[in-house]
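Rule-based calculations on the coordinates, nothing more; no lab input. Computed from a predicted structure; not experimentally measured. Counting neighbours? That spans all protein chains shown, and the Cβs are built from the backbone with ideal geometry, glycine included.
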Amino acid sequence: MDLSQKTAENAEFMIEAIKKKLRMASGAAFKASHFNTDLYEDLKDIYEMVASKNNFSISEIEAITTELGRLRKV
């Protein structure tokens, strides 16, 4: 998958991967259609950081969730 392309499918893939890796209970709140495509690179940065780590502290999960919330459309 070429994540350098700003597509809805790529955003959906990254969001689903983040939710799965973080085992997010409130994952339904994060859907690709809720995200601003102008901030695609920020989403990709979060995805790459999450993909690179095996374990997360609670404060890291909270920070990632907060950042994802910032990327949502208002």
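Key figures
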{"item": "Packing-based exposure ordering (other Cβ within 10 Å, fewest first) of Ile64, Ile15", "result": "Ile64, Ile15"}
{"item": "Value of relative contact order over the chain, rounded to a whole percent, pairs C-alpha under 8 Å and six or more apart", "result": "38 percent"}
{"item": "Tilt relative to the chain, helix 40-52 - C-alpha long axis, 0 to 90 degrees, to 10", "result": "40 degrees"}
{"item": "Ellipticity estimate at 222 nm from DSSP helix runs (n ≥ 4, -39,500 (n - 2.57)) divided over the chain, nearest 500", "result": "-18500 deg cm²/dmol"}
{"item": "Highest-fluctuation residue, Glu62, Glu41, Glu16 considered, GNM on the chain with Cα pairs under 10 Å", "result": "Glu62"}
{"item": "Exposure proxy order (Cβ contacts within 10 Å, fewest to most) of Leu3, Leu68", "result": "Leu3, Leu68"}
{"item": "Counting all C-alpha pairs of the chain, share separated by more than 15 Å (%)", "result": "48 percent"}
{"item": "In the chain, the trypsin sites (Lys or Arg not before Pro) that fall in loop regions by DSSP, at most 14 other Cβ within 10 Å", "result": "Lys6, Arg23, Lys31, Lys53, Lys73"}
